[in-house]
1. Could you tell me how many of the residues in region 16-45 are of a type outside the set (Ser, Thr, Tyr) and surrounded by 13 or more Cβ atoms within 10 Å (Cβ to Cβ)?
2. Take the residues in region 197-221 that are in contact with a Leu (Cβ under 9 Å, 6 or more places away or on another chain) and open to solvent by less than 80 Å² (accessible area, probe 1.4 Å); name whichever of them is nearest to Asp22 (Cα to Cα).
3. Among the listed residues Ala182, Ala153, which satisfies the condition of being exposed (fewer than 14 other Cβ atoms within 10 Å of the Cβ) and not aromatic (Phe, Trp, Tyr)?
4. Does Ser18 qualify as being at pLDDT below 80, polar (S, T, N, Q) and part of a helix (DSSP H, G or I)?
5. Quick test of your reading of the structure: Gly167 fulfils all but one of (1) under 21 Å from Asp22 (Cβ atoms); (2) modelled with pLDDT under 85; (3) open to solvent by less than 20 Å² (accessible area, probe 1.4 Å). Name the failing condition by number.
6. Give all pairs with beta carbons closer than 7 Å in which a residue from region 63-86 that is part of a loop (DSSP other than H, G, I, E, B) and hydrophobic (A, V, I, L, M, F, W, C) meets a residue that is open to solvent by 80 Å² or more (accessible area, probe 1.4 Å) and at pLDDT 75 or above; count only pairs at least 6 apart in sequence or on separate chains.
7. In this structure, is Trp191 buried (at least 17 other Cβ atoms within 10 Å of the Cβ), out of contact with any Asp or Glu (no Cβ under 6 Å at 6 or more places or on another chain) and at pLDDT 85 or above?
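The values are calculated or read from the model by the stated rules, or taken from the named source; none is laboratory data. All of these numbers come straight from a predicted model, not from anything done at the bench. Cβ sites come from the backbone with ideal geometry, for glycine too, and all protein chains shown count toward neighbours. Accessible surface is based on the protein model in full, side chains and every heavy atom, while ligands, DNA and RNA are left aside. Shrake-Rupley method; radii C 1.70, N 1.55, O 1.52, S 1.80 Å.
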Amino acid sequence: MKRFKILCVLLLSVFFASVVKDFVLGLITGAKMGCSMVEYTIANGLESREHLYVDVVVDGDVSELKPNAVNKLSGDSVVILRNNVSIVEYAKAFVGATDKHNIWYEVLNWINWLIIGIFVYLIVVFVKLMRLFIRSQVFEQRIISLLNHIGLAFLVLAVISTAWNLGRVYLAAHLIDVEGLAVNYQHCIEWNNFLLGLVVLVITEILRQATTIKEEQDLTI
């Protein structure tokens, strides 16, 4: 049981590290970029719309690409293929309320807040679960319930994140046409969250059956 507790603590640590890396640092980076955009737009009397981290592919035949950068360590020419970029569009004025795409921006904004809410919920439930594990309370219905909530939350998060990615790339595809680049839908589906959700639900079912067997044995005794 001591080994199990150690594994639970390690799992909790890795989980928080993952949240900090993928979520908190992402928010900080986005906030810094937003501040820079505001400063630039105010200084130049512009307005902006951003399409962050859009997956793109280089147009044309890859075999015909020429070196477009230099490796400073060796001095050799290299070819850099862009597959993920941050695009910020500036203009003196936008159509405003009559823009047919404004509704998409509002929907994506609300989806983004929903994703944040699910992340917070996952953290709270995960901490509760680890506290029960560390106390050696393993074969309990409360553990099964919390695990089931985590698995379902990951699946919901996967669906919502996929919808957000598709909406973001859709906007970029219909509002931006940059020479040499083509928008790519390839990485829109959040496979990792789908996988995590299914794995947690499978573990939950295994633990549910083990708990049922333990309860039947306790009654027999």
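1. Step one: of region 16-45, the residues of a type outside the set (Ser, Thr, Tyr) are 16-17, 19-28, 30-35, 37-39, 42-45.
With surrounded by 13 or more Cβ atoms within 10 Å (Cβ to Cβ) added as a condition, the list becomes 16, 19, 23, 26, 30, 33-34, 37.
Total meeting the criteria: 8.
2. Going through the qualifying residues, I end up with Gly197.
3. Working: Ala153 fails: exposed (fewer than 14 other Cβ atoms within 10 Å of the Cβ).
Of the residues listed, the single one that is exposed (fewer than 14 other Cβ atoms within 10 Å of the Cβ) and not aromatic (Phe, Trp, Tyr) is Ala182.
4. Yes; evaluated as a whole, the condition is true for this residue.
5. In the conditions (1) under 21 Å from Asp22 (Cβ atoms); (2) modelled with pLDDT under 85; (3) open to solvent by less than 20 Å² (accessible area, probe 1.4 Å), Gly167 misses (2) alone.
6. Correct list of pairs: Val79/Pro67; Val79/Asn68; Ile80/Asn68.
7. Values: buried (at least 17 other Cβ atoms within 10 Å of the Cβ): no; out of contact with any Asp or Glu (no Cβ under 6 Å at 6 or more places or on another chain): yes; at pLDDT 85 or above: yes.
Taking the combined requirement at face value, the residue does not satisfy it.
Every residue, every condition in (1) of a type in the set (Lys, Arg); (2) in contact with a strand residue (DSSP E or B) (Cβ under 7 Å, 6 or more places away or on another chain); (3) within 24 Å of Val14 (Cα to Cα); (4) modelled with pLDDT of 80 or more, yes or no:
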| position | (1), (2), (3), (4) |
| --- | --- |
| Glu106 | no, no, no, yes |
| Tyr121 | no, no, yes, yes |
| Val125 | no, no, yes, yes |
| Lys128 | yes, no, yes, yes |
| Arg135 | yes, no, yes, no |
| Val159 | no, no, yes, yes |
